[in-house]
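Attaching a single structure in structure tokens format; questions to follow.
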Amino acid sequence: VLAGSALLTWITVAFMQVPLQSWTGRALNFFWSQDVLVRWILLAGIPLMLYSGLIQEGAKLVPVVIYWLRKGKNISPRLGLVIGAVAGLGFGVFEAVWVHNTVFISGWSWETAEVTGLFWALIPFLERFFVVAFHTAASAIAGWGLAKGKGWQFYLIVSFAHAFLNYSTIVFGAGLLSQLELEIFIVACALIVTVIALWLRYRKQKVTV
């Protein structure tokens, strides 16, 4: 589940998400000029972020569904939550390594920290820590929903939550959020989703006789 989530999500991002986002961008450019799209970026960016949420959460959930099917579609909600968390962690760590490699390739060093300050220099690493937490918790919630027989409903819920998180980059790009406000937003989303996942894990189960 751990490895499958990372592999499948990488494949779907490369061969589904990126092409869909590219084609959508071309279609928007065909109907509207670049100036119009820049002015309406908050609307134009919505389908691009929806793609990221729906595709990535779907890919992360595939190994969980396979595990669920192998168990005869009968696993406890807590087990579903744990298996979902493992899937989310698999992709989260894979993505973190990918992003951190990009950060180092772009020229990050301790000399950079001396110029920008330690806090701002560590922002990419702190941000990714909370994004990994979000991936883990979101997939855990989806796995819990699958075990409860509400797989597609919870898949859509976490997909929209994922898209909402990613949409913050559009708002930031439009100049409506500062860098610090963007980071606070990411941390808040990660904490909210994590608290929900932990609540599902530790809440008391109804006992039927």
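The values are calculated or read from the model by the stated rules, or taken from the named source; none is laboratory data. The shown structure was predicted, so the numbers you read here are calculated from the model rather than taken from an experiment. Glycine also receives a Cβ, built like all others from the backbone with ideal geometry; neighbour counts cover every protein chain displayed. Protein only, heavy atoms only, side chains kept; ligands, DNA and RNA dropped before computing areas. Shrake-Rupley method; radii C 1.70, N 1.55, O 1.52, S 1.80 Å.
Yes/no matrix, rows are residues, columns are (1) in contact (Cβ under 8 Å) with a residue 12 or more places away in the chain; (2) within 20 Å of the chain's Cα centre (by Cα); (3) farther than 18 Å from Trp152 by Cα; (4) not in a helix (DSSP H, G or I):
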{"site": "Leu8", "(1), (2), (3), (4)": "yes, yes, yes, no"}
{"site": "Trp23", "(1), (2), (3), (4)": "no, no, yes, no"}
{"site": "Ser52", "(1), (2), (3), (4)": "yes, yes, no, no"}
{"site": "Val65", "(1), (2), (3), (4)": "yes, yes, no, no"}
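Within region 66-81, can one find any residue that is over 27 Å from Trp98 (Cα atoms), of a type in the set (Phe, Trp, Tyr) and modelled with pLDDT of 90 or more?
yes
Note down all Cβ pairs under 6 Å where the first residue falls in region 142-159 and is in contact (Cβ under 8 Å) with a residue 24 or more places away in the chain and farther than 14 Å from Lys60 by Cβ, the second is in a helix (DSSP H, G or I) and of a type outside the set (A, V, I, L, M, F, W, C), and they're at least six residues apart or on different chains.
Ala147/Pro77; Ala147/Gly80; Lys148/Pro77
To continue, here is another question. Mind checking whether some residue in region 175-198 is closer than 20 Å to Ser76 by Cβ, part of a helix (DSSP H, G or I), open to solvent by 70 Å² or more (accessible area, probe 1.4 Å) and of a type in the set (A, V, I, L, M)?
Our first condition is that a residue be closer than 20 Å to Ser76 by Cβ; within region 175-198, this holds for 196-198.
When the remaining residues are screened for being part of a helix (DSSP H, G or I), the result is 196-198.
Cutting the leftovers down to open to solvent by 70 Å² or more (accessible area, probe 1.4 Å) gives us 196, 198.
Next, from what is left, pick out any that are of a type in the set (A, V, I, L, M): 196, 198.
Yes: region 175-198 contains one or more residues that are closer than 20 Å to Ser76 by Cβ, part of a helix (DSSP H, G or I), open to solvent by 70 Å² or more (accessible area, probe 1.4 Å) and of a type in the set (A, V, I, L, M).
Also, I was wondering about something else. Being open to solvent by 60 Å² or more (accessible area, probe 1.4 Å) and in contact (Cβ under 8 Å) with a residue 12 or more places away in the chain is the filter here, so list the residues in region 10-21 that pass it. It would help to see each step written out before you state the result.
Our first condition is that a residue be open to solvent by 60 Å² or more (accessible area, probe 1.4 Å); within region 10-21, this holds for 10-11, 15-16, 18.
Residues satisfying the conditions are Trp10, Ile11, Met16.
What's the number of the condition Ser139 fails, among (1) open to solvent by 30 Å² or more (accessible area, probe 1.4 Å); (2) polar (S, T, N, Q); (3) in contact (Cβ under 8 Å) with a residue 24 or more places away in the chain?
Going through the list (1) open to solvent by 30 Å² or more (accessible area, probe 1.4 Å); (2) polar (S, T, N, Q); (3) in contact (Cβ under 8 Å) with a residue 24 or more places away in the chain, Ser139 breaks only (1).
Can you say whether Ser139 is hydroxyl-bearing (Ser, Thr, Tyr), more than 25 Å from Gly173 (Cβ to Cβ) and more than 21 Å from the chain's Cα centre (by Cα), as far as the supplied structure shows?
Working: hydroxyl-bearing (Ser, Thr, Tyr): yes; more than 25 Å from Gly173 (Cβ to Cβ): yes; more than 21 Å from the chain's Cα centre (by Cα): no.
For Ser139, the condition - hydroxyl-bearing (Ser, Thr, Tyr), more than 25 Å from Gly173 (Cβ to Cβ) and more than 21 Å from the chain's Cα centre (by Cα) - is not met.
If you don't mind, another one. Just give me the residues in region 74-121 being among the acidic types (Asp, Glu) and touching a Phe, Trp or Tyr at 6+ places or on another chain (Cβ under 9 Å), in sequence order. Steps first, answer last, please.
Filtering region 74-121 for residues among the acidic types (Asp, Glu) gives 95, 111, 114.
Correct list: Glu95 only.
Condition first: touching a residue at least 60 places away in the same chain (Cβ under 8 Å), over 11 Å from the mean Cα position of the chain (by Cα) and closer than 22 Å to Leu200 by Cβ. Can you find one or more residues in region 122-133 that meet it?
No - not one qualifying residue is present in region 122-133.
Give just the number: which of (1) open to solvent by 60 Å² or more (accessible area, probe 1.4 Å); (2) touching a Ser or Thr at 6+ places or on another chain (Cβ under 7 Å) does Arg26 not satisfy?
Among (1) open to solvent by 60 Å² or more (accessible area, probe 1.4 Å); (2) touching a Ser or Thr at 6+ places or on another chain (Cβ under 7 Å), Arg26 violates only (2).
Among the residues of region 76-114, count how many are open to solvent by less than 60 Å² (accessible area, probe 1.4 Å), more than 12 Å from the chain's Cα centre (by Cα) and closer than 17 Å to Glu127 by Cβ.
Of the residues in region 76-114, 6 are open to solvent by less than 60 Å² (accessible area, probe 1.4 Å), more than 12 Å from the chain's Cα centre (by Cα) and closer than 17 Å to Glu127 by Cβ.
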